[in-house]
Each structure stands twice: as structure tokens, then as C-alpha cells.
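Peer 1: The structure's right below; bear with me while I get my questions together.
The values are calculated or read from the model by the stated rules, or taken from the named source; none is laboratory data. Here the structure is a predicted model, which is why all the values come from computation and not from measurement. No Cβ is skipped: glycine too gets one built from the backbone with ideal geometry, and neighbour counts run over all protein chains shown.
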Amino acid sequence: MTNRTPAQLKKHYAEYQGTPAQIKKRAQRNAARKEMVAKHGKTKLAGKDVDHKVPIRSGGGNGKNLRIRTIKSNRGDTR
């Protein structure tokens, strides 16, 4: 995010990040990371992202759908 005022951040949260759909997706992403930390350890995931092979937006879940990727390759993916 760029430099936003507290009022702008509050508005952004209320209109987007605070919606039930976004809260559910965030919880799923957090659960995926927790699952991978339990499986591989915290040090192996240091500086890495947990990626869903089939994206959450396309119906992908956790479990066997997860993989570890570098931040650059994961966030640069355009799919």
C-alpha cells in the first residue's frame, strides 16, 4: 500500500478487507501457511510464500493443493 491516511485505511478495510468474503479468504491463506509450517518447518518457509496450485478464487483449497515458492515467482504469477 502507498502512504494512506488513517481515514483512508479505515475506509479501505470497511469496503474491501473487512468484507466476509475477504475475511474467509484471508483465513484460508493463514491456515495454508500454518499447515506448511507444521509440515516443513518455519526455517524452510523463511522468505518464501505458500502458493495454492489452483487459486482460491478458482475453487482451490488447502491440503495437496499447496506448494512453497519464492516470493518473486509467486507474486509475479499472472496465470
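Matching residues to (1) modelled with pLDDT under 90; (2) at negative phi; (3) among the acidic types (D, E):
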{"site": "N3", "(1), (2), (3)": "yes, yes, no"}
{"site": "T19", "(1), (2), (3)": "no, yes, no"}
{"site": "R29", "(1), (2), (3)": "no, yes, no"}
{"site": "K48", "(1), (2), (3)": "no, yes, no"}
{"site": "G60", "(1), (2), (3)": "yes, yes, no"}
{"site": "R69", "(1), (2), (3)": "no, yes, no"}
{"site": "D77", "(1), (2), (3)": "yes, yes, yes"}
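Peer 1: Going through the stretch 55-77 one residue at a time, which ones are among the charged types (D, E, K, R) and surrounded by 10 or more Cβ atoms within 10 Å (Cβ to Cβ)?
Peer 2: Let us first name the residues in the stretch 55-77 that are among the charged types (D, E, K, R), namely 57, 64, 67, 69, 72, 75, 77.
Hits for the stretch 55-77 are R67, R69, R75, D77.
Peer 1: Determine whether the stretch 34-54 contains at least one residue that is in contact with an Asp or Glu (Cβ under 9 Å, 6 or more places away or on another chain) and either surrounded by 13 or more Cβ atoms within 10 Å (Cβ to Cβ) or part of a helix (DSSP H, G or I) (or both).
Peer 2: yes
Peer 1: Continuing with this model, one more query. Loosely packed, with under 12 Cβ neighbours inside 10 Å and part of a helix (DSSP H, G or I), is that true of K24?
Peer 2: yes
Peer 1: Give me a count of the residues in the stretch 55-79 that are assigned to a strand (DSSP E or B) and among the polar types (S, T, N, Q).
Peer 2: 1
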